[in-house]
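Notes for the one structure printed next.
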Amino acid sequence: MKTINWKNAILAGFLGTLIFDLVGLMITGNWWDIPGILGAKTGLGLAYGVVGHYSNGILLAILFAGIAPSLWGPKWFRPLLFVVGETIALVWLFMLPLLGAGVAGLDMSPMMPVITLVRHLAYALPLIYLIQYDYKTVAP
C-alpha cells in the first residue's frame, strides 16, 4: 500500500495556489483578490487571508493525493476531474453563494463561472506533475 508523498503534495498545493493567483492577476488585474476577500469577510486582515488561501490550496492537494488512485481516467486527467468537481461543489454551490455572489458567482458577473473554473484548472497543473501514485485503469 502506498502512502501520500507529503512533500510533493504540499509543494503541489503551494505552487498550484500561486499559479491560481497568477492566472487571477492576468484575468482580473487583481493580485491576491481571494485572500483580500477572506481577510475582509473574517475581519482578520490580509495576512490571515493569505495564510487561509494557501493553506486551503495545500489541503486540497493533500486531499487529491489521497483520493487520486480512486478517480476515473488517465493520470493527467484525474487532477482536472478533481478540480472541476471541487469548483462546482465547493466554489459555485457553496463559497460564492455564501459570499453573496449567487450560484457560481452569477450575481457578480456572467463571466465568474468561467474565471473560477480557469483559475482552478491552472491550479491542477502542479498536481499533474508532482503527485505520483500507482493506479489501475478500469475497463468500461
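Scanning the range 75-118 for residues that are in a loop (DSSP other than H, G, I, E, B), more than 19 Å from Ala61 (Cβ to Cβ) and in contact (Cβ under 8 Å) with a residue 24 or more places away in the chain returns a single hit, Leu99. Of the residues examined, Ile10 is not one that is part of a helix (DSSP H, G or I), buried (at least 18 other Cβ atoms within 10 Å of the Cβ), free of Cβ contacts under 8 Å to residues at least 40 places away in the same chain and of a type in the set (Val, Ile, Thr). Here Ala61, Ala65, Ala124, Ala47 are screened, and the one residue that is surrounded by fewer than 15 Cβ atoms within 10 Å (Cβ to Cβ) and on the phi < 0 side of the Ramachandran plot is Ala47.
Quick one: would you say Leu117 is at pLDDT 95 or above, over 13 Å from the mean Cα position of the chain (by Cα) and under 19 Å from Thr17 (Cβ atoms)? When the stated conditions are applied, Leu117 does not pass them. When you check Gly57 against the structure, is it more than 14 Å from Phe20 (Cβ to Cβ), under 16 Å from the mean Cα position of the chain (by Cα) and either of a type outside the set (Phe, Trp, Tyr) or part of a helix (DSSP H, G or I) (or both), yes or no? In short, no.
The values are calculated or read from the model by the stated rules, or taken from the named source; none is laboratory data. Keep in mind the model is a prediction, meaning the values are calculated, not measured. Backbone-built Cβ (ideal geometry, glycine too); neighbour counts: all protein chains shown.
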